[in-house]
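Just below is one structure, and these are the notes that go with it.
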Amino acid sequence: MPPRSTPTARQTRLGTELRRMREHSGLGIQEAADLLGVGRSLITNIELAKFGVSEERVRTLAANYTYPDEPYVDALAAMARERKGGWWEEYRGSLAAGGLDLAELEHHARSLSTVQILHIPGLLQTEDYARAILSEAVPAWSSTELRRRLSHRLRRRDILDRADPPPCTFVIHEAALRTRFGNRSVLLTQLDHVLEASERTNITVRAIPLDTNGFPVAGVSLIYATGPVPQLDTVQLDAAYGSAFLDAETQLVNHRGILERTAKVALSPKDSRDFIRNIIHHT
């Protein structure tokens, strides 16, 4: 099997977790290779996600490392069973890998929590609002590129319509609720859509008013995706160069703290709906 040229974020994560599992066991690469009966380069390439790994090999590695966390090993084995990507693979080669990795992250998440400062969360965007945001790109995209990116963004919303949609909490700053992407009509339709979505049993919307005292994610938008076990949670941050994915233990702990502190300054779901209705009334 030829090595992967550009592993996905999820494939890279599996390799990273296998390395962490080995390191927690106190074994070096050569020792791990000797236990498996392979050359050390294979262990290195698996951990760098240059080569795929089977479910059976994941379990063999866990046994060799005498790793005791069975739910964690089961979750890694399930990741190894994935042999093909989802709908986002249709866009590979035409969109940046970060956008595809985000769609895959949302698809597999057990739950999602997001804080958005400057725009409505992507999963709640209407078509016209999303088009208006994407049209602000510098340099501007061609009409073909714009349609492709818009199609990708709208398809991400499908997770909310699944038979088993993930619980989602959207914390949205007032700046995002008031900033017009497109004209007034586009914004009002978008806010109505947020209100409608907030009535779903799996969706919680909470607003942060402008006159709230400071909170730790000011200026940064983030998504916290929970995995099948806490060790496999992931944080996604928007950055000027694209998406950044964080999964180190300290990073996860810190961002859980950020979400908890941000939740303390956000309005309740009911008060948030009233707050958004008031914005609609005065826009």
**Message:** Please go through segment 231-261 and give me each residue that is surrounded by 12 or more Cβ atoms within 10 Å (Cβ to Cβ), modelled with pLDDT of 95 or more and hydroxyl-bearing (S, T, Y), ordered by number.
**Reply:** T234
**Asked** Within segment 171-199, how many residues are among the charged types (D, E, K, R), surrounded by 14 or more Cβ atoms within 10 Å (Cβ to Cβ) and not in a helix (DSSP H, G or I)?
**Response** 1
**Request:** Please give the number of the condition E90 fails out of (1) more than 30 Å from E145 (Cα to Cα); (2) free of Cβ contacts under 8 Å to residues at least 24 places away in the same chain; (3) assigned to a helix (DSSP H, G or I).
**Result:** (1)
**Asked** Picking from I159, I133, which residue would you name as being touching a His at 6+ places or on another chain (Cβ under 7 Å) and within 24 Å of R178 (Cα to Cα)?
**Response** I133
**Prompt:** Of everything in segment 8-42 that's under 12 Å from M79 (Cα atoms) and among the basic types (K, R), which residue is surrounded by the fewest Cβ atoms within 10 Å (Cβ to Cβ)?
**Reply:** R10
**Message:** Of the residues A163, A132, A109, only one is surrounded by 19 or more Cβ atoms within 10 Å (Cβ to Cβ) and under 24 Å from N202 (Cβ atoms); which?
**Reply:** A109
**Prompt:** Restricting attention to segment 203-259, which residues are acidic (D, E), within 18 Å of the chain's Cα centre (by Cα) and farther than 25 Å from R162 by Cα?
**Reply:** D238, D247, E249
**Asked** If Y224 passes every condition in (1) assigned to a helix (DSSP H, G or I); (2) closer than 29 Å to L95 by Cβ; (3) touching a residue at least 12 places away in the same chain (Cβ under 8 Å) but one, which one does it miss?
**Response** (1)
**Prompt:** If you go through segment 66-78 one residue at a time, do you hit one that is among the charged types (D, E, K, R), closer than 30 Å to R22 by Cα and in the same structural domain as P165 (by TED's automatic domain parsing)?
**Reply:** no
**Prompt:** Is it the case that L61 is closer than 30 Å to V205 by Cα and buried (at least 18 other Cβ atoms within 10 Å of the Cβ)?
**Reply:** no
**Prompt:** For segment 262-283, what are the residues that are outside any helix (DSSP H, G or I) and modelled with pLDDT of 95 or more?
**Reply:** A266, L267, S268
**Prompt:** So A140 clears everything in (1) loosely packed, with under 15 Cβ neighbours inside 10 Å; (2) in a helix (DSSP H, G or I); (3) among the hydrophobic types (A, V, I, L, M, F, W, C) except one condition, right? Which one?
**Reply:** (2)
**Item:** Filter result for R273 (assigned by TED's automatic domain parsing to the domain that holds L187, surrounded by 13 or more Cβ atoms within 10 Å (Cβ to Cβ), under 28 Å from R10 (Cβ atoms) and among the basic types (K, R))
**Value:** no
**Positions within segment 1-21 being of a type outside the set (D, E, K, R) and more than 14 Å from Q231 (Cα to Cα), in sequence order** = M1, P2, P3, S5, T6, P7, T8, A9, Q11, T12
**Prompt:** If a residue has to be in a helix (DSSP H, G or I) and crowded, with 18+ Cβ neighbours inside 10 Å to count, how many in segment 43-56 make the cut?
**Reply:** 3
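The values are calculated or read from the model by the stated rules, or taken from the named source; none is laboratory data. Note that this is a predicted model, so its numbers are computed, not measured. Using ideal geometry, Cβ is built from the backbone for each residue, glycine included, and neighbour counts are taken over all protein chains shown.
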